[in-house]
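See structure below.
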Amino acid sequence: MTPQTGRSSRRPAGARVSRLAADDEVRHRPPMFPRKRRHVPGGGPGAIPGRSRVRRARYRGRSMNAEPPPATSVRIVVGYDGSPPADRALDAAVRLLEGRIGHVTVVYVGHLTSTAMLSADAIVELEDDFDQVEKELRTAVAERLRGHVDDWTFERRQGQIAHELVAATEEIHAAHSDDTIAIVVGSSSSAVHRMVGSVPVTLARHSPVPLIIVP
């Protein structure tokens, strides 16, 4: 018998093939934590867009889909008595409405003096005068606004002028609370009125909306 000289160091061929297959499997196995793909400026096939690009794209998408806010209507109350300052106030109201959606309310206030209030006959006479003045003023306003403002109304009120203008403004605000409202009046031509008792001075103290005094 041939004596044994020890175990052979050579492995069977089948064992070597199995080990090679296992090594190959490990090399091709996907990593447990895949690497993050870096952004490549200029991009390319499969490139990941940068954050700034994504934000710009999202912003553009929002701006394209957003609807513009509705236009706010402007409503102007004009104190009118046919005087030159009142005519200038009406012209200023027309200029304020250029390029805007709005409405002009022309208010004529028939003011009874304290002396007239003592006499019933005087009151009747003044009422007749007010009716005639109202017709004349309505016609004058229509002529002045023709071709400039289509949406306007004329109303006559009775009482203290400043108080009635404020009351008319408050009624409009109650009916159109989302609109912008302003009062436009002409300045007084009397130096005494400008200092102590004119309609613009009283309105400046009590008007609930922006007041525009036209010189």
Segment 132-184 - residue that is among the small types (Gly, Ala, Ser) and in a helix (DSSP H, G or I) and, of those, surrounded by the most Cβ atoms within 10 Å (Cβ to Cβ): Ala162
Segment 138-158 residues that are touching a residue at least 40 places away in the same chain (Cβ under 8 Å), paired with ones that are aromatic (Phe, Trp, Tyr) and in a strand (DSSP E or B) (beta carbon under 6 Å, 6 or more apart): Val141/Phe154; Leu145/Trp152; Arg156/Tyr108
Boolean, Ser189 is surrounded by fewer than 16 Cβ atoms within 10 Å (Cβ to Cβ), at pLDDT below 90 and in contact with a helix residue (DSSP H, G or I) (Cβ under 8 Å, 6 or more places away or on another chain): yes
Any hit, segment 90-101, residues being closer than 16 Å to Val214 by Cβ, modelled with pLDDT of 90 or more and touching a Leu at 6+ places or on another chain (Cβ under 6 Å): no
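The values are calculated or read from the model by the stated rules, or taken from the named source; none is laboratory data. Remember, it's a predicted structure, so these values are computed and weren't measured experimentally. Cβ coordinates were reconstructed from backbone atoms using ideal geometry, including for glycine residues, and neighbour counts include every protein chain displayed.
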